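Asks: Pasting in a structure now, in structure tokens, and then I'll have a few things to ask.
The values are calculated or read from the model by the stated rules, or taken from the named source; none is laboratory data. This is a predicted model, so every value here is computed, not measured. Heads up, the Cβs are rebuilt from the backbone with ideal geometry, glycines too, and the neighbour counts pull from every protein chain shown. Please note that ligands, DNA and RNA were not included when accessible areas were found on the heavy atoms of the full protein model with its side chains. Shrake-Rupley method; radii C 1.70, N 1.55, O 1.52, S 1.80 Å.
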Amino acid sequence: MAERGAKYGRILLKLSGEVMAGQGSFGIDAGRVAALAEEVAEVARAGVQIGLVVGGGNFFRGVAAAARNMDRVTADHMGMLATVINSLALSDALEQMGIPTRVMSAIEMHQVAEPYIRRRAMRHLEKGRIVIFAAGTSNPYFSTDTAATLRALEIKADVIAKATRVDGVYDCDPLKFPGAVRYPEIGYLEVLAKGLAVMDASAVAMCRDNKLPIIVFNLNTPGNIMRMSMGEPIGTVIH
């Protein structure tokens, strides 16, 4: 159980692969990963159970031009393998801080990670281990947003938290339009109707159908993962 003060007992944190690259265009920035792991570790020490899904954009961006001429299924499988690399890097950083982790892969690779088994994942969480879900759903045509939503529902997370470069959901891209307006909260249907680029429509629809709230917040502000876990009003709540 989470300690007093934490609003959520179990969260699914979705990170983009790009955050692993830091200021670089692709690859892994060890300093950025260590800083990210420290924030996640702080939340875990507060007793919050954490599932993590990391994208693979920091690696896939480097081969994106080549992937345009590839078969979509092949390209998606490459992206899944990129998420495994990121998951292992994040697991190592957390373990070095004394936080027990388990990497569970939707694509079986026994020498590298545990196969994803729902009951085992929930047991790991109950024992205080951070579970990092790698390789998406193992199916092409599904994004890591959809994979994160699926895993959040399977492990009965209280919330899915999507960490981004901006501090919530806006009516238009705040990085391009200075006058963009942020929503403190918004409904699933409004996100879908307005085509707001928060998560894939399929992921938002899954959350809507299962009444799973989504919090979108800025990862670049230090301490925001803890603030989100404590229920402080940061970012945008989609419900």
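Asks: How large is the helix-only mean residue ellipticity at 222 nm for the chain, computed as the sum of -39500 (n - 2.57) over DSSP H runs with n ≥ 4, divided by its residue count, in deg cm²/dmol to the nearest 500?
Replies: Numbers: 9 runs with 91 residues, N = 239.
Helices in the chain give a 222 nm mean residue ellipticity of -11000 deg cm²/dmol.
Asks: Put a dot 7 Å past each Cα toward the Cβ at N69 and A35; how far apart are the dots in nm?
Replies: Going from the A35 label point to the N69 one covers 3.8 nm.
Asks: Whenever you get a sec, compute what percent of the accessible area on region 70-158 sits on carbon and sulfur atoms (1.4 Å probe).
Replies: Here carbon and sulfur together make up 52 percent of the probe-accessible area.
Asks: Take the alpha carbon atoms of the chain, find their radius of gyration, then divide it by 2.2 N^0.38 Å using N residues; give the quotient.
Replies: Dividing the Cα radius of gyration by 2.2 N^0.38 Å gives 0.95.
Asks: So how far, in whole Å, is the C-alpha centre of region 127-193 from the one of region 7-55?
Replies: 14
Asks: Of K7/K162; K156/K194; K14/K176; K127/K162; K7/K194; K7/K127, which sit over 21 Å apart, Cα to Cα?
Replies: Those over the limit are K156/K194; K14/K176; K127/K162; K7/K194.
Asks: Right, here's the next one. Determine the per residue accessible area of the chain with all protein chains present and a 1.4 angstrom probe, expressed in square angstrom.
Replies: 47
Asks: Could you give the spread of the C-alpha atoms of region 120-239 along their three principal axes, from largest to smallest, in whole angstroms?
Replies: In descending order, the Cα extents are 47, 33, 23 Å.
Asks: Only helices at least 30 Å long along their axis, Cα-based, and averaging -1.0 or more on Kyte-Doolittle count here, so list those DSSP H runs from the chain.
Replies: Numbers: long enough: 72-96 (37 Å, 0.42).
Helices passing the filter in the chain: 72-96.
Asks: At a Förster distance of 30 Å, what's the computed FRET efficiency of N210 paired with A46, Cβ-Cβ distance as r, to 0.05?
Replies: Computed FRET efficiency for N210 and A46 comes out at 0.70.
Asks: Within the accessible area of region 1-57, what % is carbon and sulfur when the probe is 1.4 Å and the other protein chains stay in place?
Replies: 52
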